[in-house]
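Enquirer: Here it is, the structure in full.
Please treat every number below as a calculation from the coordinates, not as lab data. Every value quoted in this text rests on a predicted model; they were computed, and no experiment measured them. Cβ sites come from the backbone with ideal geometry, for glycine too, and all protein chains shown count toward neighbours.
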Amino acid sequence: MNSRKSNNLALVLVTIFVIAAGYFVMSGSSNPDTVSPNIDDVQLDKEPVILAAGPIASSESQPERVNIDRSPTDIGNFEIDNLFADAIGGAVSGKIVNEKGTAVPGAFITIHQRYNPGELMRGYSSGSRFKTTSDRNGEFIFAGLAAGINMNLWVHHPDYAPMQGAPFAALVNESQALPPTVLRAGYRLSGVVVDLAGNPLQAAVELKMQPSDAFRQGTTKEKQAEDLSSGRMVRVTADENGNFSANKLAEGIWILRASYEGFATAEVRPIMLLNGKNADGQKVVLPDEFTIEGIVLDEQQMPIADALVSVARTSPRPTLTGSATTNQQGEFKVRGLQDGSYGLSVQAVGYTNGRSGRVNAGATDVKVVMQVKGAVSGRVSSSDGRAITDFQIEILRTRRGNQQYGLTGQRYRFNDTDGTYNLPDLNPGSYILLGRANGYAPTYSSAFSVGRNKVEGVDIILEAGGVIKGIVVDGAGKIVSGAVISVHGEDFTLDSNDTLFGSAIGDPNNMPQVKTRTNSKGEFTLTNVFTGALTLQIEHAEHLDEIVSTMAASGTTTDLGRIIIYAGGSVHGVATDKTGSPLAGGTVTITTRSESFFHRTVTLDAKGRYRVAGLAAGTYSVIAAAAANESVFLFPSEADKKSIYVNVGQDLELNLQSSE
């Protein structure tokens, strides 16, 4: 992010987890140690589809008989991997240089999906497809990326400060060269650590860029290791005079945390490294240490070893945290705490989260009793009773007063000759399972409730789903290739996707998602479709969305014949900053409230170009915004907003300028 853009950040800093709350409105509790599979080296088929399986639960929590297979090739065999039906975009290249314009070889470049309201988070970040190193000319290239998916780019080189490059989205049928990413010396943060009497302490100092965990999957340790390797987290040690200094820091918002044996840990937050200003002269005072001690037991009063005990101060402010792990006797001692009242929680594999109410610093007799988690087991078979040996199960929540299932983010891969499965570590609650296997329609189990028991016999019988085929043409009868056909429930309407959070909300009938694209002849075939009444949505960039009601029955083919979609209006142009330079990596947002709420955000390409098509006739507001640091959300100036009227079939040119 250029420093000239930073003046506005202090006015509009909104942590990105606020937006994330909207995305997860339908989510249940998630597994904090769910990891994302590697999808590098996946072989691309002739169909323009990106393969991604979503989170596969860690094998650490599974019995030996369960085979959690993270092989990208095997993962790619599942129907679920095609649920996005993303087209492959053209290559995205760039160059890393220093302030003198000299090429920087050996820079480590990583990309991950950037949050965009209404867009599903694919988990596109893990694997060699999303990592590369600049060559001797400072150049790099990414290929085989899903088109239209917003991505962040992060560059790290040991001789420079880390830097966020221009965000981008791969373009269909067109490659693009991003603006050079300029690495600089970066920022400096220095200070001194002392005790209450002013005596210097050779404390350990940890600096962490915020919010570095936004939308990243993986365990806490995995994300911490990634932060350290990318420069989002920096650790230094104060010298004998208590002085510390960290250089080559990235622009952004940081938290400083200092600790020393025998003293309480202290934090300084937020520290703003913006507008070219360093943050020298930080004084961190470590007060006297308080501890919280206790024991963690199960319901039979047996000790629980290796439980993670976490505490967070509730009074006085600011919030301070600490943690410890229980020993073989179940005992723990959280050190480095300041005086105050704390909330305490405990996590252990196989047990529900344990909690203790208000605990004062200095307590030595805290006792936490944890309850064993529930479990579910059963068998996955075909309708003729044969065991399905290779299958995937997703855990979903059911809740009173809400017919949509809540996402848990927990998917498990099984390979068992008997077709049986066992899912331990379920928190008390009501659930339903979704089973998938190649050659069968995705199928739900019966709903069940789990307490501290094991629910057995939750079987899933998979049947061959229905087949739906057809051909998509435009109003003139010409074939439409590349149209996306997706399966939804019978209550789905086009308004379901045109909200602020769009398809992230989920299907109103909990229809398992299946998508495909029309081929060069405009033809499509959906196989193994969930049986019953359903709605097909047909989407194409240049046309208005269309929906078709139909039925799917096991083992039968429904031919819908010709489906007509009509050209919509479009708006295109170039967005620039106040100097007239293209806003590469920025965004253009178009909204309307004429009949129903419509909201869409697209990323400007390397030349500052944008295009939003498939618009219904109506009045729209259009606004461009510069690319901001991923740790903040930047509201563009209302003065930059333009109002336009778009007719069906009209291609309106509208160039935009941001005052930022």
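Enquirer: Would you mind checking 131/607; 454/515; 95/131; 100/223; 131/578; 100/277 for any pair whose Cα atoms are more than 26 angstrom apart?
Expert: Values: 131/607 24 Å; 454/515 35 Å; 95/131 14 Å; 100/223 33 Å; 131/578 33 Å; 100/277 21 Å.
As for pairs spanning more than 26 Å Cα to Cα, those are 454/515; 100/223; 131/578.
Enquirer: For residue 225 and residue 452, compute 0.36 nm times the residue count separating them, minus their Cα-Cα distance, and round to one decimal in nm. Please report the intermediate quantities before stating the final value.
Expert: On the way: separation 227, 0.36 × 227 = 81.72 nm, distance 3.48 nm.
Gain on extension, residue 225 to residue 452, equals 78.2 nm.
Enquirer: Treating only the Cβ of Lys, Arg, Asp and Glu as charged (+1, +1, -1, -1), what charge dipole size does region 86-185 show about its Cα centre? Round to the nearest 20 debye.
Expert: Numbers: 8 positive and 7 negative charges, 31 e Å.
With Lys and Arg at +1 and Asp and Glu at -1, about 140 debye.
Enquirer: Return the FRET efficiency for the residue pair residue 347, residue 494: r is the Cβ-Cβ distance, R0 is 35 Å, and the value is rounded to the nearest 0.05.
Expert: 0.25
Enquirer: Next up: How many angstrom lie between the Cα centre of region 608-622 and the Cα centre of region 271-297?
Expert: 47 Å
Enquirer: Moving on. Which order results if 230, 175 are arranged by neighbouring Cβ count within 10 Å, fewest first?
Expert: Numbers: 230 17, 175 14.
The order, fewest Cβ neighbours first, is 175, 230.
Enquirer: Be a star and scan region 463-486 for residues whose amide nitrogen sits under 15 Å from the point 7 Å along the Cα-to-Cβ vector of residue 523.
Expert: Of the residues in region 463-486, 468-473, 479-482 have backbone N under 15 Å from the label point off residue 523.
Enquirer: Where the centre of each part is set by its Cα atoms, how far does region 363-435 sit from region 162-207, in angstrom?
Expert: Spelled out, the Cα-based centre of one part sits 40 Å from the other.
Enquirer: Which distance in nm do the two modelled labels at residue 275 and residue 645 give, with both placed 7 Å along the Cα-to-Cβ direction?
Expert: For the pair residue 275/residue 645, the computed spacing is 4.4 nm.
Enquirer: Same structure, new question: Where Lys and Arg each count +1 and Asp and Glu each count -1, what net charge lies around residue 656 among other residues with Cβ under 9 Å from its Cβ? Each step should come with its number before you reach the end.
Expert: Details: positive: 642; negative: 640.
Here the charged neighbours net out to 0.
Enquirer: Moving to a separate point now. Among 208, 333, what is the fewest-to-most ranking by other Cβ atoms within 10 Å?
Expert: Values: 208 21, 333 13.
Fewest-to-most ranking of 208, 333: 333, 208.
Enquirer: Neighbour counts of other C-beta atoms within 10 Å: give me 309, 369 arranged from fewest to most. Walk me through the intermediate numbers first.
Expert: On the way: 309 25, 369 16.
Ascending Cβ contact count within 10 Å gives the list 369, 309.
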